[in-house]
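Asker: A single structure is presented below for examination.
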Amino acid sequence: MNGGGSEEAAEAAAAAPVPLEWKFAQVFGERTAGEEVQEVDIISAIEFDRTGDHLATGDRGGRVVLFERTDKRDHGGNRRDLERMDFPIIRHPEFRYKTEFQSHEPEFDYLKSLEIEEKINKIRWCQSANGALFLLSTNDKTIKFWKVHEKKVKKICDMNADPAKAAGNGAVVGPSIPTSSKPYTANGGCLDKPVGLSNDFSFPLGGVPSLHLPVVLTSSEISLVPRCRRIYAHAHDYHINSISNNSDGETFISADDLRINLWNLEISNQSFNIVDVKPANMEDLTEVITSAEFHPTHCNILAYSSSRGSIRLVDMRQSALCDSHSKLFEEQEMPGSRSFFTEIIASISDIKFAKDGRYILSRDYMTLKLWDINMDSGPVSTFQVHENLRPKLCDLYENDSIFDKFECCLSGDGLRVATGSYSNLFRVFGCSEGSTEATTLEASKNPLRKQVQTPSRPSRSLGALSHGFRRGADTSGVDTNGNAFDFTTKLLHLAWHPTENSLACAASNSLYMYYA
């Protein structure tokens, strides 16, 4: 039996994907040495669209910036180009700046004497139509539905009359226009005309030779026009932490600390409260909602996470108010491991469904966890991200770093997961059977500068065991280059391209892109 088990492990290791070699692709808004970053320029949200051809970022100044992919080119009918299409051309995705617009402005809630900052919390792409792009953006209180479309610039030419025969805005004087000494009012009416008759100017026979009609020319210049289609406001008493589109293309959810609301994209003045965890007495409150996400293919299923480290799967077909979950995913505490920081570091900051909807990836302060929605006994894989910071939890609590909310993402093929860390580092883990991939990279033009392939335990089969465990970090209190962690530079937001091994990472006000 032992021999058979070792053979199976060897086969799994042989079948595991080769660790990716990440390379720098692009950077937007790179900071020069010594440059001071303005608070409003710090990126606070990042999202690829479904095709991966567009990327959106939001910042703390309420702006949304759009980028479009440029390396996809139509080869046309040239024979040489068509022959080249038979061979894979290795190139990385290239993006360029497309446009930007002011999504949110700072507001003030006079009823609660509360300032509402303009910071973009989340961006979600909607289905495009007729060449136009649609997306949702939200700050703490208000969600907006934006349409960005191309519009050809129209120019008006030959608008003026003959300057030799025109005087300001008055009547055009010419040989075919009879002059008169009749008195006129300020608006051009004639006092001598009887009441009831039209004051319109009558053209003489043969026309007016000195009059030039305006000519509208449509130029080849194209302008991108952002337009706010809907504003979904006044539905949340607490700060919105998540928005998520439904696969039906018609509805979306928004979540705050205590409630989840269901909206129709076309109706902005009404929403349905589908989850409410607010107790009758707020002193009895034990947990809050931290993130919510719709299932990628089943329009009736959504998941939401809590500050106590649990994930609840909800089926909206069961009842109108989905307070009772259909499945609960949480990991049991080890006996004797509870401390003052246990609940704080267990709080889940982000959850993401895999593309096929089979797995859920969750991020808490210390780890990444991969859950199988068909198995609620525990995570199938656990990836250690901040285990080396465990001795420093007191210091992290004092400087509030322990409350940082790191996002996570999965690759389109579901074979890898990624999340951010301090010192502008991010981690990539392989989650397929037998994979030992655990790579640390830095958000800079040289991502391998601090990279070390840290030793990892082989991952156990996702389906064979209830708990797979991988240690993906050192136990020291320093980064992989031997330097102390810089808790002021943190990589909170990143996104994985939906179809390719390409990552977009937000480090302060800079957007770094990598490919493998």
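Asker: Which number in (1) surrounded by 19 or more Cβ atoms within 10 Å (Cβ to Cβ); (2) touching a residue at least 40 places away in the same chain (Cβ under 8 Å); (3) of a type outside the set (Ser, Thr, Tyr) marks the one condition that Gln332 misses?
Answerer: (1)
Asker: Another question about this same structure. Give the residue, chosen from Glu283, Glu287, that is without any contact (Cβ under 8 Å) to a residue 24 or more places away in the chain, surrounded by fewer than 19 Cβ atoms within 10 Å (Cβ to Cβ), farther than 19 Å from Asn139 by Cα and out of contact with any Ser or Thr (no Cβ under 6 Å at 6 or more places or on another chain).
Answerer: Being without any contact (Cβ under 8 Å) to a residue 24 or more places away in the chain, surrounded by fewer than 19 Cβ atoms within 10 Å (Cβ to Cβ), farther than 19 Å from Asn139 by Cα and out of contact with any Ser or Thr (no Cβ under 6 Å at 6 or more places or on another chain) holds for just one of Glu283, Glu287, which is Glu283.
Asker: Here is a further query. Considering segment 234-248 alone, what residues qualify as being in contact (Cβ under 8 Å) with a residue 60 or more places away in the chain and open to solvent by less than 30 Å² (accessible area, probe 1.4 Å)?
Answerer: If the condition is that a residue be in contact (Cβ under 8 Å) with a residue 60 or more places away in the chain and open to solvent by less than 30 Å² (accessible area, probe 1.4 Å), then His236, Ile240, Ser242, Ile243, Ser244 are the ones that fit.
Asker: Taking the condition of being modelled with pLDDT of 85 or more and out of contact with any Leu (no Cβ under 9 Å at 6 or more places or on another chain), how many residues in segment 472-488 meet it?
Answerer: 2
Asker: Please list, ordered by first then second residue, the pairs with beta carbon atoms under 7 Å, 6 or more apart or interchain, first in segment 25-50 and open to solvent by 80 Å² or more (accessible area, probe 1.4 Å), second assigned to a strand (DSSP E or B).
Answerer: Close Cβ pairs satisfying both conditions: Glu30/Ser510; Arg31/Ser510; Arg50/Trp125.
Matching residues to (1) of a type in the set (A, V, I, L, M); (2) closer than 23 Å to Asn245 by Cα:
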residue: Arg312; (1), (2): no, yes
residue: Ala320; (1), (2): yes, yes
residue: Leu370; (1), (2): yes, yes
residue: Ile373; (1), (2): yes, yes
residue: Asp376; (1), (2): no, no
residue: Val380; (1), (2): yes, no
residue: Asn399; (1), (2): no, no
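Asker: To continue, here is another question. So which residues in segment 265-280 are outside any loop (DSSP other than H, G, I, E, B) and open to solvent by 50 Å² or more (accessible area, probe 1.4 Å)?
Answerer: Ile267, Asn269, Gln270, Phe272, Asn273, listed by residue number.
Asker: Which pairs do you get when a residue that is among the β-branched types (Val, Ile, Thr), found in segment 355-366, comes within reach of a residue that is buried (at least 20 other Cβ atoms within 10 Å of the Cβ), reach meaning Cβ atoms under 7 angstrom, with the pair 6+ apart or on two chains?
Answerer: Ile360/Ala303; Ile360/Ile311; Ile360/Ile351; Ile360/Phe353; Ile360/Trp371
Asker: OK, next. Checking the structure you have, find out if any residue of segment 199-216 is closer than 30 Å to Glu118 by Cα and either open to solvent by 70 Å² or more (accessible area, probe 1.4 Å) or at pLDDT 70 or above (or both).
Answerer: No, segment 199-216 contains no residue that is closer than 30 Å to Glu118 by Cα and either open to solvent by 70 Å² or more (accessible area, probe 1.4 Å) or at pLDDT 70 or above (or both).
Asker: Restricting to segment 411-442, name every residue that is out of contact with any Cys (no Cβ under 8 Å at 6 or more places or on another chain) and not in a loop (DSSP other than H, G, I, E, B).
Answerer: Within segment 411-442, Tyr422, Leu425, Arg427, Val428, Phe429, Gly430, Ala438, Thr439, Thr440, Leu441, Glu442 meet the criteria.
Asker: Inside segment 363-401, can you point out the residues that are touching a helix residue (DSSP H, G or I) at 6+ places or on another chain (Cβ under 9 Å) and under 20 Å from Leu494 (Cβ atoms)?
Answerer: Asp364, Tyr365, Met366, Thr367, His386, Leu389, Ser401
The values are calculated or read from the model by the stated rules, or taken from the named source; none is laboratory data. Everything quoted here is computed from the prediction, not taken from an experiment. Virtual Cβ from ideal backbone geometry, glycine too; neighbours counted across all protein chains shown. Ligands, DNA and RNA are stripped out before the accessible areas are found, and what is left, the full protein with its side chains, is counted by its heavy atoms. Shrake-Rupley method; radii C 1.70, N 1.55, O 1.52, S 1.80 Å.
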